[in-house]
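Everything on this sheet refers to the single structure shown next.
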Amino acid sequence: MLLNPSRQPLPVWPGTRVLSQSFGLVGVVFEDPHQSERCWTVTTIFAPIPGRALGGIRTKLVDQQGFVTFLNQRDMELLLDLAKPGAWCEWSNSIYPGVTCANEGWFGFCVDSLDLEDDLQERELLLRQQYGGALPSNIELTRRVHAEHHHDYEELMMLLWDKDVDTGYSPDPRIETIGRRWVQVERNNVQWRPACHSPWGR
């Protein structure tokens, strides 16, 4: 077990769900169990989401071609060899599944809407450093997402405004309102291929 998230304080950076402690995970590389040519590097550690069926900390990862995905703590502990399939996971009160065994509860590398909010806020914070203040409307960014096994896509996001539409407060960097600031303009499914066959030439 890496840690018991219900018993250990997990402070975050103010205004985000980014943990202020990385637990030595940033920079760790995992080989994708479904695609051996694909490697995922941990970039950020996020706090558990209250009410989520599978709790624990979450790791954001990026592959060689810039696709982003997330990995839950329980499945990460398996990939780190900190636990074995069939063993009891104390902090989640469940059995560790077999790696890639979806019928046993394996999730692996995937994202949901809250994970994507966290990723978008990180990208937005980088833009705030670049602009040094309130962000201008209609900024665009493109991101590549690994949603789940055999499902990758690229999307174009646009910033509508950098303010709370209810109060007029600006700039508004809060995670709670990020879904009202950004809108998806375009989304296209893509097929991931090893670098030598990549349409992006990477």
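The set of residues in the stretch 148-180 being surrounded by 12 or more Cβ atoms within 10 Å (Cβ to Cβ), farther than 20 Å from residue 60 by Cβ and of a type in the set (D, E, K, R) consists of 162, 163, 164, 172, 180. Number of residues in the stretch 152-183 that are assigned to a loop (DSSP other than H, G, I, E, B), under 20 Å from residue 16 (Cα atoms) and at pLDDT 90 or above equals 8.
Here's the yes/no breakdown for (1) among the hydrophobic types (A, V, I, L, M, F, W, C); (2) over 19 Å from the mean Cα position of the chain (by Cα):
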site: 52; (1), (2): no, no
site: 60; (1), (2): no, no
site: 70; (1), (2): yes, no
site: 78; (1), (2): yes, no
site: 86; (1), (2): no, yes
site: 91; (1), (2): yes, yes
site: 95; (1), (2): yes, yes
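Within the stretch 24-40, the only residue that satisfies the criterion of being of a type in the set (Val, Ile, Thr) and surrounded by 15 or more Cβ atoms within 10 Å (Cβ to Cβ) is 28. Might you check whether a residue that is of a type outside the set (Phe, Trp, Tyr), surrounded by 14 or more Cβ atoms within 10 Å (Cβ to Cβ) and within 30 Å of residue 158 (Cα to Cα) occurs anywhere in the stretch 87-106? No, there is no match, as no residue in the stretch 87-106 is of a type outside the set (Phe, Trp, Tyr), surrounded by 14 or more Cβ atoms within 10 Å (Cβ to Cβ) and within 30 Å of residue 158 (Cα to Cα). Scoring residue 142 on the criteria (1) at pLDDT below 90; (2) within 19 Å of residue 62 (Cα to Cα) leaves a single failure, condition (1). The set of residues in the stretch 166-180 that are under 20 Å from the mean Cα position of the chain (by Cα) and in contact (Cβ under 8 Å) with a residue 24 or more places away in the chain comprises 173, 174, 175, 178, 179. Is at least one residue of the stretch 10-23 loosely packed, with under 12 Cβ neighbours inside 10 Å, under 30 Å from residue 177 (Cα atoms), of a type outside the set (Phe, Trp, Tyr) and free of Cβ contacts under 8 Å to residues at least 60 places away in the same chain? Within the stretch 10-23, one or more residues are loosely packed, with under 12 Cβ neighbours inside 10 Å, under 30 Å from residue 177 (Cα atoms), of a type outside the set (Phe, Trp, Tyr) and free of Cβ contacts under 8 Å to residues at least 60 places away in the same chain. Checking each residue in the stretch 71-122 for being acidic (Asp, Glu), outside any loop (DSSP other than H, G, I, E, B) and over 30 Å from residue 172 (Cβ atoms) picks out 75, 77, 104. Could you tell me which residue of the stretch 185-202 is modelled with the lowest pLDDT, considering only residues that are of a type in the set (S, T, N, Q) and either in a loop (DSSP other than H, G, I, E, B) or surrounded by 11 or more Cβ atoms within 10 Å (Cβ to Cβ) (or both)? Ranking the candidates gives 198 first. Residues in the stretch 132-147 that are closer than 21 Å to residue 67 by Cβ and surrounded by 15 or more Cβ atoms within 10 Å (Cβ to Cβ): 141, 143, 144, 145, 146, 147.
Restricting 108, 98, 51, 132 to those that are over 20 Å from residue 185 (Cβ atoms) and in contact (Cβ under 8 Å) with a residue 60 or more places away in the chain reduces the list to 108. Within the stretch 51-70, the set of residues being out of contact with any helix residue (DSSP H, G or I) (no Cβ under 7 Å at 6 or more places or on another chain), among the aliphatic types (A, V, I, L, M) and outside any strand (DSSP E or B) comprises 53 only. Has the stretch 185-195 got any residue that is free of Cβ contacts under 8 Å to residues at least 24 places away in the same chain and not hydroxyl-bearing (Ser, Thr, Tyr)? Yes.
The values are calculated or read from the model by the stated rules, or taken from the named source; none is laboratory data. Only a predicted model underlies this, so the values are computations on that prediction, with no experimental measurement involved. With ideal geometry, Cβ positions are generated from the backbone for all residues, glycine too; neighbour counts draw on all protein chains shown.
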